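For reference, the structure discussed in these notes is given below.
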Protein chains: 2
Amino acid sequence: MKIGIIGGGSIGLLFSYHLSGQHEVSIYTRTQEQADEINENGLHLVKGGIEQGPARVNAAPIQDWSGNEEFIVVAVKQYQLPSLISNLKDKARGSILFLQNGYGHIKWLSELATNKIYVGSVEHGAVRLNGFTVQHNGVGVTRTAVFKGDPDTLRELSNKAPSGFPFILEPDYKEMLIKKLVVNAVINPLTAILKVKNGELVQNPFYFKIFEQLFEECACILELTDKEQYFNNLMGVCEKTANNHSSMYKDIEIGRQTEVDAILGYLLELARSKNKKAPLIHNYYHCIKGKEHEREGA
Amino acid sequence: MKIGIIGGGSIGLLFSYHLSGQHEVSIYTRTQEQADEINENGLHLVKGGIEQGPARVNAAPIQDWSGNEEFIVVAVKQYQLPSLISNLKDKARGSILFLQNGYGHIKWLSELATNKIYVGSVEHGAVRLNGFTVQHNGVGVTRTAVFKGDPDTLRELSNKAPSGFPFILEPDYKEMLIKKLVVNAVINPLTAILKVKNGELVQNPFYFKIFEQLFEECACILELTDKEQYFNNLMGVCEKTANNHSSMYKDIEIGRQTEVDAILGYLLELARSKNKKAPLIHNYYHCIKGKEHEREGA
């Protein structure tokens, strides 16, 4: 099928590369320059130190997007979504899959006119090396779930998925996104502020105390009924990615904007609306915002 | 008068140097090596980039201390005090001045048999350059107060104090120590974990939010009646030392043990005994302990 992928970051490039084998993929980038680079060089993927490709995809700047693909993957950061949402409302006619972290963007989705709206949670590790090359570090899965409509397009995608890039269809979009949110809310800010790898949060007994407390606050605010399930999932991610640096760690390290608003910002808002206290979430939200502010002032 | 100074760290060296002009000073060090170095080289002080000295003091290892000085200055870290306290109980006959941070050591002082017990709070900036040289960075004052007995020895010390090394006699030891404790509890852990200079805590609007909340927790646990006075003092220290790195920042940076137990550890204990919640104090206590643990494991 015709697939349009919006966003030329690591996730946009990763999806474009893998889906281009079975589908006609167009990728829409923020800049004309990146689109030109992709059209000239094709799309490259580095995996296990070996460069693969090029894959042929059509690239164009986002303003040229007409919205006529059967399936649209929105692969921008959550903080980039507000500037895109009216465009999506006006033009998107096919099925649409949102890959953002956090939960705050869910409130915008029901404003879209299209019949099939899906959300996803990406468990691949990927780094953009340049405008047309992405490095696939940790091979994982893409979890997807229906927000509105039937799951037909997801099923088609999943059935044709290449090996090494599987899609899993989850029954409950809310549970799926909240599970990811909890992982991001605990691992990301702690590793970014303490400047440690993911595994250190459970291996260092002092950091583990904070880890537990931050989880407790999230669980309380999100009113998780099966807390243990979420905690086990969080522990599992920490152990599986023990030697990795989290995305927020890397964002802070290289002075890039983080996703803290989508993650802790969302939880802080939720806490306020429920009149609940969230001292650690408040603390780490302001630690990360302060780090971003240091860079702006520098 | 005869003065014995216990401790060969930056504060011990600084006091020995400045008091040696008017008094007969003996300094007691942890190691024989440092005592030998001081006896061979004399004591040196670097101020404004200029080396001064040598001052002549007698140096000996602590096991040689007989306790027969009229005035004893205890200039070790609070965490070093437990191993020293029985020695002090057995031998100290003169007046004694304790210069430790925190408040946890106060409970031990009433066990001492000596008549005059004083506590002090040092507002000088000093760095030990080697075993017999100290650098005097920020010239401040030494605040002192009576814990037990009359203030005669403090008065004598204060009257004979050299210019550039003044002593101030404070009326209330508790207020004096708590004021310093609040400053240390807020500035030290925040600067050490956020890796910023003291001034950044009030200049960065996000860090200032945390600064305020951590102060609020301290104020609540310490049941400060005149909160504003303590907050203004804290702000004043932050502004006066805006370009400095805190002692805990430096301790963490070079992998040295911090004073976190004397500072946040004390507050955490107090919170527990009063059945009060202290989520930020708990958090930063464990952040610092975790940093210390990282070094031990490395």
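Assorted remarks:
- Listed by position, the helices (runs of 4 or more DSSP H) contained in region A:221-298 that have at least 3 residues being within 26 Å of A:ALA126 (Cα to Cα) and within 11 Å of chain B (Cβ to nearest Cβ) are A:279-297.
- In this structure, A:VAL127 does not qualify as in contact with a helix residue (DSSP H, G or I) (Cβ under 8 Å, 6 or more places away or on another chain) and crowded, with 18+ Cβ neighbours inside 10 Å.
- Members of region A:170-220 found to be touching a residue at least 60 places away in the same chain (Cβ under 8 Å), among the aliphatic types (A, V, I, L, M) and within 14 Å of chain B (Cβ to nearest Cβ), listed by number: A:LEU190, A:ALA192, A:ILE193, A:ILE210, A:LEU214
- Count - residues of region B:134-175 that are hydrophobic (A, V, I, L, M, F, W, C) and over 20 Å from B:THR114 (Cβ atoms): 6
Table: residues versus (1) more than 22 Å from A:VAL141 (Cα to Cα); (2) in contact with a helix residue (DSSP H, G or I) (Cβ under 9 Å, 6 or more places away or on another chain); (3) outside the structural domain of A:LYS116 (by TED's automatic domain parsing).
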site	(1), (2), (3)
A:GLY12	no, no, no
A:HIS23	no, yes, no
A:ARG30	yes, yes, no
A:GLU37	yes, no, no
A:ALA55	no, yes, no
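- The one condition from (1) touching a residue at least 40 places away in the same chain (Cβ under 8 Å); (2) within 21 Å of B:PHE167 (Cα to Cα) that B:GLY104 does not meet is (2).
- Residues in region A:106-159 that are among the polar types (S, T, N, Q) and either in contact with a Gly (Cβ under 6 Å, 6 or more places away or on another chain) or assigned by TED's automatic domain parsing to the domain that holds A:ALA262 (or both) were compared, and the one that is farthest from A:ASN184 (Cα to Cα) is A:ASN115.
- Within region A:249-278, tally of residues that are farther than 21 Å from A:PRO82 by Cα and buried (at least 20 other Cβ atoms within 10 Å of the Cβ): 4
- Residue match in region A:20-43 (condition: closer than 28 Å to A:ASN184 by Cα and surrounded by fewer than 16 Cβ atoms within 10 Å (Cβ to Cβ)): no
- Per-region count, region B:63-83, residues in a loop (DSSP other than H, G, I, E, B) and exposed (fewer than 15 other Cβ atoms within 10 Å of the Cβ): 2
- Looking across region B:271-298, the residues that are more than 21 Å from B:ILE210 (Cα to Cα) and not polar (S, T, N, Q) come down to B:ARG272, B:LYS274, B:GLU292, B:HIS293, B:GLU294, B:ARG295, B:GLU296, B:GLY297, B:ALA298.
- Restricting region B:96-116 to residues that are touching a Leu at 6+ places or on another chain (Cβ under 8 Å) and more than 22 Å from B:LEU270 (Cβ to Cβ) leaves a set whose member that is surrounded by the most Cβ atoms within 10 Å (Cβ to Cβ) is B:ILE96.
- Among the residues of region A:162-180, those identified as in a helix (DSSP H, G or I) and in contact with a Ser or Thr (Cβ under 9 Å, 6 or more places away or on another chain) are A:TYR173, A:MET176, A:LEU177, A:LYS179, A:LYS180.
- Enumeration of residues in region B:110-138 that are among the β-branched types (Val, Ile, Thr) and touching a residue at least 60 places away in the same chain (Cβ under 8 Å): B:VAL122, B:VAL127, B:THR133, B:VAL134
- Strands (runs of 3 or more DSSP E) completely within region A:84-161 that count 1 or more residues being within 17 Å of the chain's Cα centre (by Cα) and not hydrophobic (A, V, I, L, M, F, W, C): A:117-122, A:126-130, A:133-136, A:142-148
- Apart from one condition, B:GLY164 fits all of (1) within 20 Å of the chain's Cα centre (by Cα); (2) modelled with pLDDT of 95 or more; (3) of a type outside the set (Phe, Trp, Tyr); the exception is (2).
The values are calculated or read from the model by the stated rules, or taken from the named source; none is laboratory data. Just so it is clear, the model here is predicted, and its values are computed rather than measured. Every residue, glycine among them, receives a Cβ derived from its backbone with ideal geometry; neighbour counts consider all protein chains shown.
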